[in-house]
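Enquirer: Quick one: the structure is below, and I'll ask about it shortly.
The values are calculated or read from the model by the stated rules, or taken from the named source; none is laboratory data. Everything numeric here is computed off the predicted structure, so don't read it as measured data. Don't worry about glycine lacking a Cβ; one is built from the backbone with ideal geometry, like all the others, and counts go over all protein chains shown. Calculation scope for accessible area: heavy atoms of the full protein, side chains included, ligands and nucleic acids excluded. Shrake-Rupley method; radii C 1.70, N 1.55, O 1.52, S 1.80 Å.
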Amino acid sequence: MSLLAVVAGCNSSNPSDSLAVNPPAAQANAVTPVVQANCPTVTILDANAVHRVYAGGAKDDPQKLAYQVSLSDTTRSCTANESTLTVNVLAQGRLVPGPMSKGGRATVPIRVTVKDGDGEIFGETTNFAIDVPAGGAGTQFIFNNDHVAIPNGPGGAPRSVSVYIGFAEQGAKAKTKRRT
């Protein structure tokens, strides 16, 4: 059972399930949870689903591959107040070392974007650190951005938006986030 399946279970609409995750004292200060059907889905962009890093500035040479990282599954949960819908975006990924891998830590640029029609209303790139195991074994990871803020539409109505996740282009400015 994947970790995302366990996390997705936290999105239950059963009030007694919510009490197990959020005790009553914590719920008193929380914003209103959103019915999952009203929470926008997260789409992995095919063109940005895989990120490869090559040693020595090489490009597309399989013998010079340091590592390849891919995103595979997503889930989300939402909360709302009068002015904003906040989406907690999670994605499962995998790092596979290549022939030139040295182990240690790899940092990959993961971007979350929210679009309303053709316009971008939220975009953030995170330099996400992943520990690369020695010995050529791959590793899985969970990426999380818990503060994707979507302003409500006119009159406080929810917007119809699309949420996307993928690897950012090289050189994009980003904030750093360590894997926990």
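Enquirer: Given the criterion hydroxyl-bearing (S, T, Y) and in contact with a helix residue (DSSP H, G or I) (Cβ under 6 Å, 6 or more places away or on another chain), identify the matching residue among S83, S77, S101, S160.
Expert: From the options S83, S77, S101, S160, the qualifying one is S77.
Enquirer: I would also like to ask the following. Find all pairs meeting these conditions: Cβ atoms under 7 angstrom apart; at least six residues apart or on different chains; first residue within the stretch 150-161 and within 21 Å of V89 (Cα to Cα); second residue modelled with pLDDT under 75 and open to solvent by 30 Å² or more (accessible area, probe 1.4 Å).
Expert: Hits for this filter: N152/P158.
Enquirer: Among the residues of the stretch 116-134, write down those that are modelled with pLDDT under 90 and of a type in the set (A, V, I, L, M).
Expert: V132, A134
Enquirer: Additional query: What strands (runs of 3 or more DSSP E) completely inside the stretch 135-180 contain at least 2 residues that are at pLDDT 75 or above?
Expert: Fully inside the stretch 135-180 and qualifying: 139-151, 162-167.
Enquirer: Among the numbered criteria (1) surrounded by fewer than 18 Cβ atoms within 10 Å (Cβ to Cβ); (2) in contact (Cβ under 8 Å) with a residue 60 or more places away in the chain; (3) over 17 Å from Q68 (Cβ atoms); (4) over 13 Å from the mean Cα position of the chain (by Cα), which single criterion is violated by I121?
Expert: Of (1) surrounded by fewer than 18 Cβ atoms within 10 Å (Cβ to Cβ); (2) in contact (Cβ under 8 Å) with a residue 60 or more places away in the chain; (3) over 17 Å from Q68 (Cβ atoms); (4) over 13 Å from the mean Cα position of the chain (by Cα), only one is false for I121: (2).
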